[in-house]
Amino acid sequence: MLGILLPLILFVALADTISNSSWIALERTMLWSLRVETESMLSQFAVWFSMLVTVISVCILCYLLYRQQWRTALFWLCSVSGAAMMGNIMKGTIQRARPELWLDAPDTSFGFPSGHATHSMAIVITLLVLLRLSSWHKVVLLSGFLFAALVGLSRMYLGYHYPSDIIAGWMVALCWVMTLRILFNQNYLTLQAGQDTALHFLHKKFLL
């Protein structure tokens, strides 16, 4: 329940501060600092990294369907797609404009919470639920949160989101996935069928 209540409380607190002019000025300063202190060549990398979120999500879903893990595939689809839909609903409800500090063509959609941040964190939390019994759990924990952080940084670097947009997206994903974890009964949610063999093969292939 803490995994649901704490992110929900933090999300509400962030939503309550985004109309504060001092807070907006602080976030704009953070964005300019991030932009100025990095090389322009990182722009393409940031765009590519943002696209990687969708690729990973679809690839894992295809893997689950290939392994005929229907219940787990349904949980994955509901968790990742549901979190994205929830984020879009929040966008339309709160209607916070994007920073538009250096965008060549201002985005017409709203920015709070960040869809990419929501999507990436939903992937990470869902993987942690599915791999909770695996020896790879700690690896997924560290690499997953690093991945989510890089996605968030890439969206801020490109100028599409304030820092609070990113954090709010993470909170939406955490709250949503933890709720589904209870509804789906986590005892039936696992990547057991061949997971250790497949991960061991990938580890051996790329590290040797």
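What's the number of the condition Val124 fails, among (1) surrounded by 14 or more Cβ atoms within 10 Å (Cβ to Cβ); (2) assigned to a helix (DSSP H, G or I); (3) at pLDDT below 75?
(3)
In region 136-157, which residues are β-branched (Val, Ile, Thr) and open to solvent by less than 10 Å² (accessible area, probe 1.4 Å)? Write out each step before concluding.
Looking only at region 136-157, we keep the residues that are β-branched (Val, Ile, Thr), and these are 139-140, 151.
Within region 136-157, Val151 is the sole residue that qualifies.
Report yes if Leu133 is open to solvent by 60 Å² or more (accessible area, probe 1.4 Å), over 19 Å from Leu10 (Cβ atoms) and either small (Gly, Ala, Ser) or modelled with pLDDT under 80 (or both), otherwise no.
Spelling it out, Leu133 is indeed open to solvent by 60 Å² or more (accessible area, probe 1.4 Å), over 19 Å from Leu10 (Cβ atoms) and either small (Gly, Ala, Ser) or modelled with pLDDT under 80 (or both).
Please find, within region 158-171, the residue that is nearest to Phe147 (Cα to Cα) out of those that are within 14 Å of the chain's Cα centre (by Cα) and open to solvent by 10 Å² or more (accessible area, probe 1.4 Å).
In this case the residue turns out to be Trp170.
Does Thr93 satisfy the condition of being open to solvent by 50 Å² or more (accessible area, probe 1.4 Å), hydroxyl-bearing (Ser, Thr, Tyr) and modelled with pLDDT of 80 or more?
Yes: the conditions hold for Thr93.
Based on this model, can you work out whether Arg71 counts as closer than 19 Å to Thr126 by Cβ and either modelled with pLDDT of 75 or more or exposed (fewer than 14 other Cβ atoms within 10 Å of the Cβ) (or both)?
For Arg71, the condition - closer than 19 Å to Thr126 by Cβ and either modelled with pLDDT of 75 or more or exposed (fewer than 14 other Cβ atoms within 10 Å of the Cβ) (or both) - is met.
The values are calculated or read from the model by the stated rules, or taken from the named source; none is laboratory data. Not measured: the values here are computed from a predicted model. Please note: Cβ atoms are built from the backbone with ideal geometry, for glycine as well, and neighbour counts cover all protein chains shown. With ligands, DNA and RNA removed, areas are computed over all heavy atoms of the protein, side chains included. Shrake-Rupley method; radii C 1.70, N 1.55, O 1.52, S 1.80 Å.
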